[in-house]
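Here, each number is a calculation from the coordinates, and none is a lab measurement. Keep in mind it's a predicted model, so treat the numbers as computed, not measured. Glycine gets a Cβ as well: all are built from the backbone with ideal geometry, and neighbour counts include every protein chain shown.
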Ligand SMILES: [Zn+2]
Ligand SMILES: [Zn+2]
């Protein structure tokens, strides 16, 4: 769990230098969408960032009153983003929610006129305007409906959080699987609109979202829906898209679409716990470092962000873990085994082949390595998102291990590299290598 369910104003917090000025200028210019996009990105990375949370409240609150003439109004996806759930105030009776700024002491005087609802100052029982109009009164006062609470509802409203939001830690998420009831799977934009409402992700997280086809009739009931979720996760695990034991790390939720009111199934899969680093893992990490260093020496002056990023300890750690898993699978099956993971700006695919014999190793790639890579790249490509693609291959006879690497940087001006040892000699000659 990444953040608290309900935002509370702390007495002290660290301001983010320049943020207040930047957001104020954007608000002054009516550019709420740009302001909120920046704040959502910030809160996606750091949900406990108080400065970003309070600025988001101000943007969401102010944009409401100035929507009509704003240059860039908030989008409805931004307004209902799960990232903003902790700062939202929600009606206790219906699903209506809004953003109020009473929790920010300096705005105490604002927002009484045209209040979106009322709240009990003792227990935060909340009613939206519509539900308040229908609630029984005692004279002019609206008594709190919480049993045993003597409070009276007032226009000053504090955050209550939004119900039903799954506050996962995006940094600990392996994949988010989305299924829509009916024969036509959603476009990525439609899927994101639903996902970001219930899970604290931003549109940039699209590569983590995997859209799957629904099985007719299974979405209607909770039990059959759960069965479909299990079946999907199991299949993806067998296809090595998810790490082993994925179902135990999954949470599934059934929600309604934002526009279409159709049922959606969202399955989030957490990353597996880091395996305690073993000697084998350390050995692979060293091999990866050596390999990268050798490539750097052979290609002096090539230091684009994709290449330098590959050298970070985090990525080397993850790659070594993937290679280790793939190697264990390859040993058991006695042929090519593959594991993949999306990590920061990289799609990392690790392949392991249980032999050092190069002609035998090449034979593992159906129709040759170049066409294998082409298919893999097509499967895992996310047009419009600058993701670099890395394919590591470990060839091992159990005693000696050799690594090979293919790298297709997101930026085509950076050096791309094909694992040459995986190419048939005739292909290599025809490419002039
Ligand atoms: Zn209501
Ligand atoms: Zn109360």
Check your understanding: Counting only DSSP beta bridges with both residues in the chain, what percent are antiparallel, rounded to the nearest 5?
Key -> 75 percent
**Study point:** Computed lengthening from residue 75 to residue 34, 0.36 nm per intervening residue step minus Cα-Cα distance
**Key:** 13.7 nm
Practice item. Apply 1/(1 + (r/R0)^6) to the Cβ-Cβ distance of residue 308 and residue 137, taking R0 = 60 Å, and write down the FRET efficiency to the nearest 0.05. Key: 0.35
Study note, to complete from the structure: With the 8 Å Cα cutoff and a minimum separation of six or more residues, the range 1-87 has a relative contact order in percent of 40 percent
Practice item. Based on the mean of other Cβ atoms within 10 Å per residue, sort peptides 400-406, 5-11 so the most packed one is first. Key: 400-406, 5-11
Point to revise | Share antiparallel - DSSP beta bridges, the range 73-213, percent rounded to 5 | key: 65 percent
Exercise for review: Compute the Cα gyration tensor for the range 170-270, then decide on rounded, prolate or oblate, letting a ≥ b ≥ c be the square roots of its eigenvalues: rounded whenever a/c is under 1.5, prolate when a/b is larger than b/c in the other cases, and oblate in all that remain.
Suggested key: oblate
**Study point:** the chain: angle of helix 19-28 to the longest principal axis, Cα-based, in degrees nearest 10
**Key:** 60 degrees
Review point. What is the chain by shape, rounded, prolate or oblate, if you read a ≥ b ≥ c off the alpha carbon gyration tensor as root eigenvalues and call it rounded for a/c under 1.5, prolate for a/b larger than b/c, and oblate otherwise?
Key: prolate
Check your understanding: Roughly speaking, what is the stretch gain from residue 149 to residue 20, that is 0.36 nm per residue apart minus the C-alpha to C-alpha distance, in nm to one decimal?
Key -> 42.6 nm
**Study point:** Peptides 353-359, 323-329 ordered by average Cβ neighbours within 10 Å, highest first
**Key:** 323-329, 353-359
Check your understanding: In degrees, nearest 10, range 0 to 90: what is the angle between the Cα axis of helix 313-333 and the longest Cα principal axis of the chain?
Key -> 60 degrees
Point to revise | Protection proxy ranking, peptides 420-431, 192-203, average beta carbon neighbours within 10 Å, highest first | key: 192-203, 420-431
Exercise for review: Please say if the range 311-375 is rounded, prolate or oblate, where rounded means a/c under 1.5 for a ≥ b ≥ c the square roots of the C-alpha gyration tensor eigenvalues, and otherwise the choice is prolate for a/b larger than b/c and oblate otherwise?
Suggested key: oblate
Study note, to complete from the structure: Measuring from the longest principal axis of the C-alpha atoms of the chain, the long axis of helix 279-298 (C-alpha) lies at a number of degrees, nearest 10, equal to 80 degrees
Practice item. Just need the relative contact order of the range 355-406 here, percent rounded to a whole number, with Cα pairs under 8 Å and 6+ apart. Key: 36 percent
Check your understanding: Relative contact order for the chain: what is it in percent, counting Cα pairs under 8 Å that are at least 6 residues apart?
Key -> 10 percent
